[in-house]
Structures are given as C-alpha cells and as structure tokens.
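Quick note: the coordinates plus some simple rules give every number you see, no bench work behind them. The model shown is predicted, which means the values in this text are computed figures rather than measured ones. Reconstructed Cβ throughout: ideal geometry from the backbone, glycine too, with neighbour counts over all protein chains shown.
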Amino acid sequence: MQAALQPLLEALDSGDDQRAEAAVPALATLGEEAREALGARRHDPDPDRRWWAYRALAAFPDDTSDWLLPGLNDPDPAVRQAAALGLRLHPQPRHAAALIAALDDADALVGDLAMQALIAIGRPAAAPLLDALPKGSPRARLRMVRALAAIAAPESIPALMNILENDSALMQYWADQGLDNLGLKMLYFKPD
C-alpha cells in the first residue's frame with residue numbers, strides 16, 4: 001500500500017489546493033497506514049502540512065476523533081479550525097470537555113466550530129455544558145447557551161429559565177430559543 005500512499009501525500013504537499021483536496025478521499029480509503037502517516041504530520045513545523053493532516057483525518061469514514069483532538073491546541077488558528085470541524089464530523093461524548101474549553105478560543109471560528117461539534121454530540125454534551133456554564137467567560141457562555149438551545153435537553157430547563165431572569169438580552173434570546181425548542185414556548189409579561 002506504500003506505493004499508493006506516497007503520491008497522495010505528495011499531493012497534499014503540492015501547494016495546489018485542488019490537487020490536495022482530490023487526494024483526501026483516496027487517503028481516507030487507505031486505512032491505518034494513511035492514518036499513521038497523517039498522524040505524524042500533525043507535529044510538522046509547517047502549519048499548512050498540519051492543516052492538511054487534520055483535513056484528511058476528518059475525511060476518514062471511521063472515528064478519527066482521538067487523532068483530531070490534539071489539533072484543538074495547535075498554535076495556528078487555521079489548524080484548530082480544521083480539528084474542530086473534524087470533531088464535528090466525528091462527534092464523541094468523551095471529547096465534550098475539550099470542546100467546551102475550545103468555546104473560549106481567541107479565534108471566533110474555532111469557538112463556533114467547537115459549539116457545532118457539541119451540538120453534533122447531542123444530549124450527552126448537555127451535562128458537561130451545564131456544569132461549565134456558570135464558570136465560563138462571556139463569549140464561552142454565549143456559545144454554551146446556543147449549544148444547549150440546539151440540543152434541547154430537558155435537564156437544561158432550569159439553567160435556561162435562570163438565564164431568562166438574570167442575563168443579557170443576547171443570552172436571554174438563546175435561552176428563549178432553547179425553551180422553545182423544548183416545546184416550552186411561553187408568553188412573558190411583566191405584571192402591573
């Protein structure tokens with residue numbers, strides 16, 4: 001299989017995005033040998049090579065989430081984005097804590113992709129999100145509430161109700177969306 005692998009890795013290194021992108025599906029069919037080669041590239045000094053490694057690992061049909069997870073801590077934001085997108089494509093509850101930490105990434109797209117990955121995990125992500133909600137930064141908390149709104153887990157009702165009473169208008173908007181997604185559309189009014 002080495003004969004098939006080398007030209008595909010060369011395509012990733014070509015600097016030609018179309019050629020590299022065309023190599024990705026073929027790499028994903030080569031199994032463990034390709035996974036090992038791409039895994040080694042996650043530590044390359046060149047951020048472009050690291051990015052393509054995470055991009056290709058995300059395309060594998062089986063779960064590559066453990067291979068993708070280290071990319072959330074890469075110094076290059078584009079690499080972190082590729083890893084977060086890959087984790088959205090391979091959602092695993094065991095990675096919820098790392099994704100919750102990435103909600104506060106300095107790069108907004110990384111935070112949004114981590115939020116999407118948590119939504120893809122679904123209800124198993126609700127408990128860790130609820131645990132982290134009181135401790136998060138404002139931008140992380142907003143993404144947590146948006147994720148909880150989309151997941152629509154019944155256990156999030158008390159937290160969403162609390163947000164309606166005590167938080168900013170934007171947080172209240174997403175809490176209201178979450179309650180609506182749970183079938184709890186309410187009419188709020190202030191008594192005279």
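With charges only on Cβ, +1 for K and R and -1 for D and E, what is the dipole size of the range 9-165 about its Cα centre, in debye, rounded to 20?
The dipole magnitude comes to about 640 debye.
How tilted is helix 157-166 with respect to the longest principal axis of the chain? Cα atoms for both, answer in degrees (0 to 90, nearest 10).
70
Which label belongs to the value computed from this structure, given these candidates for percent of Cα pairs over 28 Å apart: (i) 35; (ii) 25; (iii) 30?
Computed from the coordinates, percent of Cα pairs over 28 Å apart corresponds to (i).
Please compute the modelled spin-label separation between THR29 and GLU10, points set 7 Å along Cα→Cβ, answer in nm with one decimal.
Spacing of the two 7 Å Cα→Cβ label points: 2.0 nm.
Count charges around HIS90 for me, please; just the other residues with Cβ under 12 Å from its Cβ, Lys/Arg as +1, Asp/Glu as -1.
-1
Do you know the relative contact order of the chain, to the nearest whole percent, from alpha carbon pairs under 8 angstrom that are 6+ apart?
It rounds to 12 percent for the chain.
Jot down the per residue volume, in cubic angstrom and as a whole number, of the convex hull over the alpha-carbon atoms of the range 42-100.
66
What is the angle, in °, between the Cα long axis of helix 138-151 and the longest principal axis of the Cα atoms in the chain? Nearest 10 is fine, range 0 to 90.
90
Taking 1 over the mean of 1/r across every pair of different Cα atoms in the range 94-134, what Kirkwood radius in Å do you get?
Value: 10.0 Å, from the Cα pair sum.
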